[in-house]
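The structure appears below as structure tokens.
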Amino acid sequence: MSDVAEQQHGAEPAAAHAAAVDHAGLAHVATASFLASRVVPTGGFAVALAGGVALARAAQRAGARIGFGASLAAMLQTVAIMGPARLGIPLTQALSAPLLGRMQARGAAFASQLGACAAVRLVDQLATTAFYIWIVVGGLDVYAATFDALLGDLPILPAGPAGALLVTAAGLVAWTVFASTVQVAVYRRALAGWAAAAGGAARPAGERDAHEPSPAAPARRPRYDPRAVALAAAVAFAVLVASTAWVVLAAVSAWLALAWATARADREPVRSGLVLAAMLGGGALAFGLVGGVSLELTLQRTVRAALLVLVATWLRAAAGEDGVREVARRALRRAGRLPAAAEASAILDRLGARGGLAASGRALVAAVRHERRRPAPLAAAVLAWIAGEASRFSPPAGDSQPAMLRARRRDRALVALSLAAAATVALPIG
């Protein structure tokens with residue numbers, strides 16, 4: 001490699017870091033909004049709109065790479081803090097907001113933005129629905145049988161898989177049109193009025209720094225290297241997707257029980273993980289019973305659905321917030337040549353730990369508390385909050401250099417045991 005090429009290669013991370021300095025505040029706002037959307041029991045789409053506006057603004061100002069980098073960093077930050085529960089709620093806006101922001105910068109019409117947003121949302125929903133039907137429920141036959149049991153008497157619908165897919169597709173299209181229309185309308189209005197909102201977002205005198213980290217109890221030090229945790233969880237997740245055989249489920253359950261018992265795991269993500277496991281497992285059970293599937297196969301699919309969530313929850317709990325973030329940082333740095341990876345790495349470094357997210361949430365509550373419960377004043381208050389929080393953001397103090405990690409015997413044993421559980425897929429069944 002020539003000296004010129006070396007200099008150009010080294011300049012790319014530097015340019016990404018410089019851009020992150022200006023746009024980490026917008027990623028911070030997106031993180032706060034997306035976390036809130038995953039916590040609230042209903043209305044997650046509306047809550048996530050503020051985060052989508054922030055990401056669209058980043059792309060509008062600095063281009064698609066910065067926008068998608070901020071989006072990826074914000075989503076990884078929410079996973080590090082909360083784990084995998086209800087991740088799909090803000091996902092569509094995380095995928096589409098940078099695209100819409102860039103289209104806004106180029107003067108795209110409402111119809112063009114609506115088409116782009118709807119396409120992203122529809123693809124995301126189709127993928128999620130397919131995973132639910134074929135992995136959680138157990139296949140199209142079970143899904144269709146449940147549909148026939150509940151709605152088969154309606155004369156206007158065809159029976160079997162055709163009717164089930166028709167109703168599902170109609171529901172997805174209806175939600176896509178409605179949600180995309182709202183999303184594009186909100187984004188366009190917010191981006192057009194950003195300058196006025198930013199000008200009126202000055203901090204009142206004497207107000208506490210919204211990003212001063214709140215006191216928190218010291219986290220338990222994880223027992224395992226987070227890289228080993230991520231690899232072992234990936235192996236267990238893959239084998240669960242591949243098979244519902246009792247021997248596989250028993251092996252993964254035994255490994256998971258041992259892994260939980262020895263990991264010094266955080267308790268914070270456990271409650272949300274158990275709720276999601278109950279929801280997916282209950283869904284698999286209901287589809288199997290209503291659809292006339294054998295009790296044994298229904299129970300296998302129910303256990304498999306619950307274990308998929310519990311493995312993902314264990315990953316967050318065992319690695320810890322800092323561990324998940326460190327694994328993400330290393331993965332992004334290894335993928336530095338991929339579009340937006342360097343930008344996401346630089347922004348994630350500046351986000352740091354969760355300090356300030358609670359204070360940002362309290363600032364939003366204060367901003368809307370005295371507003372009239374009407375769309376226009378509420379939207380203006382939220383936009384002022386987005387602009388103000390982004391402009392006031394400052395990265396947490398501390399070193400953003402990679403942590404020193406070293407795999408030990410117990411880490412290798414953890415991965416080896418997950419591989420032993422995976423090997424049960426090859427055992428004869430009968």
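The values are calculated or read from the model by the stated rules, or taken from the named source; none is laboratory data. In this text, all values refer to a predicted model and were calculated from it rather than measured experimentally. Note that each Cβ is placed from the backbone with ideal geometry, even for glycine, and that neighbours are counted across all protein chains shown.
Of the numbered criteria (1) farther than 26 Å from G323 by Cα; (2) in contact with a helix residue (DSSP H, G or I) (Cβ under 9 Å, 6 or more places away or on another chain); (3) without any contact (Cβ under 8 Å) to a residue 40 or more places away in the chain, the one A130 fails is (2). Of all residues in the stretch 40-59, those satisfying the criterion of being surrounded by fewer than 24 Cβ atoms within 10 Å (Cβ to Cβ) and more than 14 Å from L91 (Cα to Cα) are V40, P41, T42, G43. In this entry, V309 is excluded by the filter for residues that are touching a residue at least 12 places away in the same chain (Cβ under 8 Å), crowded, with 22+ Cβ neighbours inside 10 Å, of a type in the set (A, V, I, L, M, F, W, C) and not in a helix (DSSP H, G or I). The residue pairs whose first member lies in the stretch 404-430 and is modelled with pLDDT under 90, whose second member is basic (K, R) and surrounded by 12 or more Cβ atoms within 10 Å (Cβ to Cβ), and whose beta carbons are closer than 8 Å, counting only pairs six or more residues apart or on different chains, are L405/R227; A407/R227. Please verify whether the stretch 258-265 includes one or more residues that are buried (at least 23 other Cβ atoms within 10 Å of the Cβ) and part of a helix (DSSP H, G or I). Yes; the residues of the stretch 258-265 include at least one that is buried (at least 23 other Cβ atoms within 10 Å of the Cβ) and part of a helix (DSSP H, G or I).
Listed here are the residues, each with its yes/no results for (1) modelled with pLDDT of 90 or more; (2) surrounded by 13 or more Cβ atoms within 10 Å (Cβ to Cβ); (3) under 30 Å from P396 (Cβ atoms); (4) in contact with a His (Cβ under 6 Å, 6 or more places away or on another chain).
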| residue | (1), (2), (3), (4) |
| --- | --- |
| V142 | yes, yes, no, no |
| L151 | no, yes, no, no |
| A179 | yes, yes, no, no |
| R227 | yes, yes, yes, no |
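For the stretch 347-399, the tally of residues that are closer than 25 Å to L76 by Cα and either modelled with pLDDT under 80 or assigned to a loop (DSSP other than H, G, I, E, B) (or both) stands at 21.
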